[in-house]
Structures are given as C-alpha cells and as structure tokens.
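Structure first, then comments.
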Amino acid sequence: MNLNQTLFQSLPNRREMLQRCGFGIGSLAAATLLAEDSSDPGIQSPLSPRQPHFTPRAKHIIHVFANGGPSQVDTFDPKPALENLHGKKLSDGKQRNRRTAGVAHASPFKFAKHGECGMEISELFPRLAGHADDLCLIRSMTTDIPNHEQALMMMNCGDMIRTMPSVGSWTLYGLGTENQSLPGYVVMCPGGLPTARAANWRSAFLPGVYQGMHVDTRNEDPTELVDNVQNETLVPKQQRRQLGLIQQLNRVHRASRSADPQLEARIESLELAFRMQGEALDAFDTTGEPEKIQQMYGTGLHGRQMLIARRLVERGVRYVQVYHGAGQPWDSHQNIKGGHQRLASETDQPLAALLSDLKRLDLLDETLVIFGGEMGRTPTVQLPVTAKVGRDHHHRGFSYMLAGGGTKRGYVHGTTDETGLDVVEDEVHVHDFHATLLHLLGFDHERLTYRYAGRDFRLTDVHGKVVQDIIA
C-alpha cells in the first residue's frame, strides 16, 4: 500500500466526520493546543526562541529608517571647510577622483558639542543631542550604488540585485521570537510603502513565516492597524475548534508531501493569526499609556510609531522597523534647509523619547536602536543654485546613529575628508554593518546560513567583517 492510499484511509469518512463535528471536535483543538506547548523538537514552532552562537548583547532591534537619505553634513558630520568653499566647484584634488556636479554648499545648520563625550551634532536634533553620551555614531558608512532602490535593497537585504532575505528575516530565523502571540518582525510605514516596497522586508528563500508584517501607522484605531484581527462572526472558542480541524487536515496534507516551506508558513500563519487576536490590539493601542509618556513622545504620527515600537519590543518582538513615510521623504533634491528642518523636527522628539523610555524600563541595554537612511547626500548642491537648493545622492561617508544593544556609548567611529565627500579612516561598508548587527545578536555572520539551491547563503554573502571598535 502506498503512502497516498494510507493517508486517504486515515481521513474520516462522511459519517465519521459528522460524528466528530457533533461530539469530538474538541479533542482536535486540545491536540493542537498541546502541540503548541510541547517541547518536542519535532513539532516545535519555527518561531520558538532559539539560542544564538554565543551570548548576545542585544535581544531586539528597532531600526528607524530615514528613507530617502539624510544629509550627513547637515546632521551628524560637521564640515566647516565647506564655508570657505561655499559656491565654488570642488577641485580635482578635493574630489579625490570623484566627479561631483554642482558647487560646494556650507550647511545652513549650526553644530555644537554635546555631553561629556563632546559629540558634535547639528541643531536639527536638539533633543537627541541630549543623549550624546548614550550614542554610538558611525560617520564612515558606504554602500555600492547611490540609487534609492539598490541602496535600500543593500541596506535591508545585503544585495542590490538578487532576491535575498531581509535583515529582520535573518534575525527571526536565527533567534525566533519571545512572544508567540505577536509577529516577531513588524514593519511600520505610514501612508504607503517605501521605494522597492515589500521587498524591503521579504523572507525570500527563507520560510515565509520569517517575513515582516507591514502596518500602515496612519491608522490610529488599533482595529484598523492590523487587517482582520477580529472575527465578528465566531467567538474565540468556536474559532479554536474550527482551526483545530483545519490544522489537523493541513498536517495530513503536509505528510503526503516533501518539505514545502510555503505550506509550513501557511500552517504557522493560521496559528499566529488566531493568537494575535488576544494581544495585537493591546500592543498597538497607545491610548492606555500614561499621559506623561504620551506627551514625552509627542502627539504626532512619528511619536505614536516610536511608542508602538517600544511596546512591541517590551512584549518580546524581535525586530521592528519604523519608516519615516511612503517613498523617500528624506530625498532632499530641493530645499535642503526647509525639508531637513521639517523631517528632523518630526523625528527628534520621538527618537529621544524612545531612548529615554527604553532606559526607564531597563530595555536599552538589550535593545539596539538604529537611525539612518540607505545612503547620504553630497556636500555640493545641484545646479542651478536657487533660494531652495538641494543635495544629490551620495554613497560614501554617510552617517548612522546607534544606541544600546552592546554598542559603545559616547563614541564616534570613522572619519570623512574635510568636505564630507569620501571616507579617509575606518570605512564601514553595509556588509560590515550587517556582520556587526548579527554579532551583537550573538551570531557569527559566517555561520548563520541557509541552504538553498545547493548553496549555503548568508546575509553578508562572502563579505563583511565585524566592527569591533563600536562594541562595548
């Protein structure tokens, strides 16, 4: 007798099905619930918490994404030499074999030293500057191509061309998640999607259960943030019984097939969707927070996003990504002054509040907070020079801010030249950045692999080195 015949005979006939639906379906639900709680590795959920290669410094990551590319020379990397070069073309010597169009443009924003460490930060971020002694600032980030889609794919997936899993998916694959009633990887982007859309949080060849869940945070009502999180037809007990039957049939269906990651992901998604009904609404509802905390974050959209991010990691969510908005809002080809003033004012208070709140809850040491974009901007402005000049894309020597999660406090890493056009010391490529993130999470980036199409793939491909200098 072949396997298909055996499985067919194991299915209930019509009479048995009616009997079970009338009297015995509760046993199916009980079996499913027991399977969820079982320690048997044969039925363990792929989202169950797992130990990394070595003791981690960070357990969670919050990546605040300034999509579009903020200007490093206007935010975190002061270049006073641009004042003397203002309005002039950069010489061949200063361009260091880089042909940059336009003319040099001094930052319209003042920089000052902050904290005991003396970290120089632009006046655009007065509240964040108050945390200077908690910050780890990288001024020497590089990526490969200064185009939005490719740079986003590199920053999020470690590859500009191939379909590869995102950093969040690798994190979830390696660590699992601490809360089985919430997605382990949540992406918040208000008003739509960033450039390259959902490819930024895809799981690619990793099982689909590791893909990020997108939330449009324009919606303030928690019931609208997550689609179909409530069932208005069945009460939870009825849903549990119905799901128990469906999952029993799914498992019989799965047994007749070789490993199918999509089928496994569908089975796990059904369980997660059921469990989310009991916790998701609470996690995304910020109205229960004390008034003092809500005021600390601010009443705007980005304040609410940051507060939700804190509530998610507080509940064990592994990776949270917070985009500034749809498309590339930080892409200031025009009006660098007015645009960056508005964008920074929307970000500064919520970001500073997030750091304060994580410290208050003793979560900063185990939560790595990241702020930056997919690239930076040129120290020159585009022609013709008008009253509202803007800066072009730039992929060498942009800045990234980190805090918590085992990073050094009050530390600046890397140096760019006097114009901010190129890295002159301690370059950090995106592959190095990813290797360091995984190291902080407890992984050797060369050993966190997944076999696909006959090859062991990893986030950093064949590149990357851990930046030990930024680790406390």
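Points worth noting:
- Scanning region 391-413 for residues that are within 27 Å of His86 (Cβ to Cβ) and either at pLDDT below 95 or not hydroxyl-bearing (Ser, Thr, Tyr) (or both) returns Arg391, Asp392, His393, His394, His395, Arg396, Gly397, Phe398, Met401, Val412.
- Of all residues in region 437-460, exactly one satisfies the criterion of being in contact with a helix residue (DSSP H, G or I) (Cβ under 6 Å, 6 or more places away or on another chain) and of a type in the set (Val, Ile, Thr), namely Thr460.
- Residue count for region 169-189, restricted to those that are in contact with a helix residue (DSSP H, G or I) (Cβ under 6 Å, 6 or more places away or on another chain), open to solvent by less than 10 Å² (accessible area, probe 1.4 Å) and not aliphatic (A, V, I, L, M): 3.
- Some residue of region 144-167 being in contact with a Pro (Cβ under 8 Å, 6 or more places away or on another chain), in contact (Cβ under 8 Å) with a residue 12 or more places away in the chain, crowded, with 20+ Cβ neighbours inside 10 Å and closer than 22 Å to Ser203 by Cβ: yes
- Check on Leu263, of a type outside the set (S, T, N, Q), modelled with pLDDT of 70 or more, more than 23 Å from Met188 (Cβ to Cβ) and part of a helix (DSSP H, G or I): yes
- Residue that is most open to solvent (accessible area, probe 1.4 Å) [pool: residues in region 76-115 that are of a type in the set (Gly, Ala, Ser) and at negative phi]: Ala101
- Selection status of Ala106, more than 25 Å from Val322 (Cα to Cα), modelled with pLDDT of 95 or more and assigned to a loop (DSSP other than H, G, I, E, B): yes
- Where strands (runs of 3 or more DSSP E) fall wholly inside region 389-468, the ranges with 1 or more residues that are out of contact with any Lys or Arg (no Cβ under 7 Å at 6 or more places or on another chain), free of Cβ contacts under 8 Å to residues at least 60 places away in the same chain and open to solvent by 40 Å² or more (accessible area, probe 1.4 Å) are 423-425, 450-452, 455-457.
- Test: Asp422 is out of contact with any Leu (no Cβ under 6 Å at 6 or more places or on another chain) and charged (D, E, K, R): yes
- In this structure, Ala198 qualifies as open to solvent by 10 Å² or more (accessible area, probe 1.4 Å) and more than 16 Å from Ser45 (Cβ to Cβ).
- Selection from region 379-388 of residues that are in contact (Cβ under 8 Å) with a residue 60 or more places away in the chain and open to solvent by 10 Å² or more (accessible area, probe 1.4 Å): Gln382, Leu383, Val385
- Filter result (among the hydrophobic types (A, V, I, L, M, F, W, C), in a loop (DSSP other than H, G, I, E, B) and either within 15 Å of the chain's Cα centre (by Cα) or more than 29 Å from Gly168 (Cα to Cα) (or both)) within region 62-81: Ala66
- Those residues of region 345-373 which are surrounded by 22 or more Cβ atoms within 10 Å (Cβ to Cβ) and part of a loop (DSSP other than H, G, I, E, B), in sequence order: Gly373
- There is no residue in region 281-303 that is within 17 Å of the chain's Cα centre (by Cα) and of a type in the set (Ser, Thr, Tyr).
- Given (1) under 17 Å from the mean Cα position of the chain (by Cα); (2) more than 19 Å from Arg127 (Cβ to Cβ), index of the condition Gly404 fails: (2)
- Meets criteria (open to solvent by less than 70 Å² (accessible area, probe 1.4 Å) and at pLDDT 75 or above) for Val229: no
- Counting residues in region 332-344 that are assigned to a helix (DSSP H, G or I), closer than 17 Å to Ala66 by Cα, open to solvent by less than 10 Å² (accessible area, probe 1.4 Å) and among the hydroxyl-bearing types (Ser, Thr, Tyr) gives zero.
The values are calculated or read from the model by the stated rules, or taken from the named source; none is laboratory data. Being a predicted model, the structure only gives us computed values, none of them experimental. Ideal geometry is used to build each Cβ from the backbone, glycine not excepted, and the neighbour counts take in all protein chains shown. Accessible surface areas use protein heavy atoms only, side chains included; no ligands, DNA or RNA. Shrake-Rupley method; radii C 1.70, N 1.55, O 1.52, S 1.80 Å.
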